[in-house]
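Structure first, commentary second.
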Amino acid sequence: MRKPPKTFFIRTYGCQMNELDTEIMAGQLLKKGLTPSLDEENADLLIFNTCSIRDLAERKVMGKLGLLGRASRKNSIVGVTGCMAMAKKQTLFRKFPHLDFVIGTNNITDLDTVIDEILYTDHQIHKTDDRFEENLDYLIAKRDSKVKAHVSIIRGCDKYCTYCVVPYTRGEEVSRPPESIVDECRRLADEGYKEITLLGQNVNSYGKDRPEWNCLFHDLLAKLDAIEGIERIRFMTSHPVDITVGLMEAIRDLPSLCEFVHFPLQAGSSRILKKMHRIYTKEQYFEKVRLLREIVPNATLGTDIIVGFPTETDAEFEETYEAMKELRFSVAFIFAYSARTGTPAKRWKDDVPETVKQERLQRLLSLQNELGQEERQQFLGQDVEVLVESLNKDGKHLKGRTRCWKKIVFEGDTDMIGTLQQVKVQGFHHQTMIGALPGRQIQKTSKLKVV
Ligand code: SAH
Ligand code: SF4
Ligand code: F3S
């Protein structure tokens, strides 16, 4: 029998779903009696919770695993979880013989038994079910923050955008029962949490797989808004097709629902959108944004964009450029297309040269930068509501976010952590706002220059 592990370290890649899965795995391991280690090199149990969304994300983990194989880590247990575990399954053992386990996104509850099995048998174990069974004990999640929490409401994705691995790595959509979500949020409120972010690849699909619950996304939002103590509710992410008038009205009417909406456009050309299987045209997207801004005039928008999708011409890229200029997103995540094994788009020639993809990427990044500067000027001198999350890295300032998801730092007392404060925006350091409480002036420090 192998020596039972005493300490663990989990390295997390990818999106918020993976961050939450890490918190749930950490909770299981703490319950099992292990203690977290800050030392990746020497932890008895080392887990890589991986992402497959783009080639680079996978290459980073592959590089790490290769290095570990060469180092002598005889006594430690090493495993891969997350989306790459689903994309590569047991083939990972061939490439990395020192790996002890591969656990997919739908099997994180099996972590405890898999570790026991390895200890007793010293065999390599893989568990990669295609479908998620709603049997997770979400309440054991070990969260770092005491102020804001991620809460899973739906797992998987049924949208099948042609470039995307997620439907294959996370399986089909499975909603979590509303009582379980409400119960977790109530407990979080009792523990003092002030903000929850509802997570799903497509939160607006919530409840559609279980019509008998009679609880769609906006119904769920109303239930959660009623919980005493939760000041802010956010959600990540939503597919434009499912951003309904009902949801827009919920954002307008429910006090805790923040006015920041992640509204991923992906491309500005209707032909490319069709090829991506996004199921909306550019015109339909623009119309939805118009409607949202009419119903919620102070809404701010976030987006995801892919440049260099197969066959994207210069003129089609210009449409994306113009769309971003016109729509003025407050936050934009911009990516170069990366062909993924198993997706329909992988069968098409990845025909936009890497140099062209990079040029397009840079043009959009500098456009977004310009738009960001203009947006920041408008914030100057304004009072914003800040949920104070923690001490800033410099150890001197407090750090928090506005309702529209802007990061802000300001001087204050640590007992303000977990409270809402009105803060005046006085300057910026890169994207971060620098503010001051009423009656206080900003202190310039070497780390925080006021511009
Ligand atoms: N469910 C979310 C997206 C999850 S993936 C949604 O639909 O909005 C996050 C982002 O990664 C996507 O929005 C997309 O912009 C990007 N992405 C996904 N697959 C990609 C690929 N193959 N190449 C480049 N970017 C990709
Ligand atoms: Fe991927 Fe599309 Fe699903 Fe988002 S909606 S996770 S981009 S398949
Ligand atoms: Fe990556 Fe999986 Fe999230 S592929 S982006 S970790 S759903």
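Hey, can you tell me all the residues within region 210-243 that are open to solvent by less than 60 Å² (accessible area, probe 1.4 Å), closer than 18 Å to Lys159 by Cβ and assigned to a loop (DSSP other than H, G, I, E, B)?
Matches in region 210-243: Thr237, Ser238, His239, Ile243.
Among residues belonging to region 280-303 that are part of a loop (DSSP other than H, G, I, E, B) and open to solvent by 30 Å² or more (accessible area, probe 1.4 Å), point out the one that is farthest from His262 (Cα to Cα). Give the steps one after another, and end with the answer.
Our first condition is that a residue be part of a loop (DSSP other than H, G, I, E, B); within region 280-303, this holds for 280-281, 296-299.
Restricting the remaining residues to those that are open to solvent by 30 Å² or more (accessible area, probe 1.4 Å) gives 281, 297-298.
Values: Thr281: 18, Pro297: 16, Asn298: 14 Å.
If we take residues in region 280-303 being part of a loop (DSSP other than H, G, I, E, B) and open to solvent by 30 Å² or more (accessible area, probe 1.4 Å), then Thr281 is farthest from His262 (Cα to Cα).
State whether the residues of region 138-151 include one that is touching a Phe, Trp or Tyr at 6+ places or on another chain (Cβ under 9 Å), within 25 Å of Asp44 (Cβ to Cβ) and surrounded by 14 or more Cβ atoms within 10 Å (Cβ to Cβ).
We begin by selecting, within region 138-151, every residue touching a Phe, Trp or Tyr at 6+ places or on another chain (Cβ under 9 Å); these are 143, 145-149, 151.
Still in the list and also within 25 Å of Asp44 (Cβ to Cβ): 143.
From the residues that got through so far, the ones that are surrounded by 14 or more Cβ atoms within 10 Å (Cβ to Cβ) too are 143.
Taking every residue of region 138-151 in turn, at least one turns out to be touching a Phe, Trp or Tyr at 6+ places or on another chain (Cβ under 9 Å), within 25 Å of Asp44 (Cβ to Cβ) and surrounded by 14 or more Cβ atoms within 10 Å (Cβ to Cβ).
Any idea which residue in region 392-402 is farthest from Thr303 (Cα to Cα), counting only those that are modelled with pLDDT of 95 or more and within 22 Å of the chain's Cα centre (by Cα)? Spell out the reasoning first.
First pass over region 392-402, keeping only residues modelled with pLDDT of 95 or more: 398-402.
Pick out the ones that are also within 22 Å of the chain's Cα centre (by Cα) and you get 399-402.
Values: Lys399: 24, Gly400: 22, Arg401: 18, Thr402: 18 Å.
The qualifying residue farthest from Thr303 (Cα to Cα) is Lys399.
So for region 110-118 (the condition being under 30 Å from Arg210 (Cα atoms), away from ligand 3 (no atom under 14 Å from the Cβ), touching a Lys or Arg at 6+ places or on another chain (Cβ under 8 Å) and outside the structural domain of Gly400 (by TED's automatic domain parsing)), does at least one residue qualify?
yes
Kindly indicate which of Glu370, Glu375, Glu389, Glu354 is at pLDDT below 95 and of a type in the set (Asp, Glu). Outline the logic, then answer.
Working: Glu370 fails: at pLDDT below 95; Glu389 fails: at pLDDT below 95; Glu354 fails: at pLDDT below 95.
That would be Glu375, the only listed residue that is at pLDDT below 95 and of a type in the set (Asp, Glu).
Is it true that some residue in region 34-46 is closer than 20 Å to Gly104 by Cβ, among the hydrophobic types (A, V, I, L, M, F, W, C) and either open to solvent by 20 Å² or more (accessible area, probe 1.4 Å) or not assigned by TED's automatic domain parsing to the domain that holds Thr237 (or both)? Let's see the steps before the verdict.
So the first thing to find is which residues in region 34-46 are closer than 20 Å to Gly104 by Cβ, and the list is 45-46.
Subset that is among the hydrophobic types (A, V, I, L, M, F, W, C): 45-46.
With the extra rule that they be either open to solvent by 20 Å² or more (accessible area, probe 1.4 Å) or not assigned by TED's automatic domain parsing to the domain that holds Thr237 (or both), the set shrinks to 45-46.
Yes, region 34-46 contains at least one residue that is closer than 20 Å to Gly104 by Cβ, among the hydrophobic types (A, V, I, L, M, F, W, C) and either open to solvent by 20 Å² or more (accessible area, probe 1.4 Å) or not assigned by TED's automatic domain parsing to the domain that holds Thr237 (or both).
So, of the residues in region 161-220 that are within 16 Å of ligand 3 (Cβ to nearest atom) and hydrophobic (A, V, I, L, M, F, W, C), which turns out to be nearest to the chain's Cα centre (by Cα)?
Leu199
All but one of (1) away from ligand 3 (no atom under 16 Å from the Cβ); (2) open to solvent by less than 70 Å² (accessible area, probe 1.4 Å); (3) farther than 20 Å from His262 by Cβ hold for Gln362; which doesn't?
That leaves (2) as the condition not met.
Any residue at all in region 286-303 that is modelled with pLDDT of 95 or more, under 19 Å from Trp405 (Cα atoms), in contact with a strand residue (DSSP E or B) (Cβ under 7 Å, 6 or more places away or on another chain) and within 16 Å of ligand 3 (Cβ to nearest atom)?
Scanning region 286-303, I find at least one residue that is modelled with pLDDT of 95 or more, under 19 Å from Trp405 (Cα atoms), in contact with a strand residue (DSSP E or B) (Cβ under 7 Å, 6 or more places away or on another chain) and within 16 Å of ligand 3 (Cβ to nearest atom), so the answer is yes.
What pairs can you find where one residue is in region 159-172 and without any contact (Cβ under 8 Å) to a residue 24 or more places away in the chain, the other is more than 9 Å from ligand 1 (Cβ to nearest atom) and open to solvent by less than 20 Å² (accessible area, probe 1.4 Å), and their Cβ atoms are less than 8 Å apart, with a gap of 6+ or different chains?
Pro167/Gly156
Determine if region 382-405 includes at least one residue that is open to solvent by less than 10 Å² (accessible area, probe 1.4 Å), farther than 17 Å from Glu231 by Cβ and not assigned by TED's automatic domain parsing to the domain that holds Phe260. It would help to see each step written out before you state the result.
Quick first cut of region 382-405, residues open to solvent by less than 10 Å² (accessible area, probe 1.4 Å) only: 386-388, 397-398, 400, 402.
If we keep only those that are farther than 17 Å from Glu231 by Cβ too, we end up with 397.
Checking which are not assigned by TED's automatic domain parsing to the domain that holds Phe260 leaves us with 397.
Yes, region 382-405 contains at least one residue that is open to solvent by less than 10 Å² (accessible area, probe 1.4 Å), farther than 17 Å from Glu231 by Cβ and not assigned by TED's automatic domain parsing to the domain that holds Phe260.
Which helices (runs of 4 or more DSSP H) does region 50-127 wholly contain that include 3 or more residues that are open to solvent by less than 50 Å² (accessible area, probe 1.4 Å) and without any contact (Cβ under 8 Å) to a residue 60 or more places away in the chain?
Numbers: elements: 55-70, 83-88, 91-95, 111-121.
Here the list reads 55-70.
The values are calculated or read from the model by the stated rules, or taken from the named source; none is laboratory data. All of these numbers come straight from a predicted model, not from anything done at the bench. Neighbour counts run over all protein chains shown; Cβ positions are idealised from the backbone, glycine included. For the accessible areas, the whole protein counts, side chains as well, though only heavy atoms, and no ligand, DNA or RNA atoms are used. Shrake-Rupley method; radii C 1.70, N 1.55, O 1.52, S 1.80 Å.
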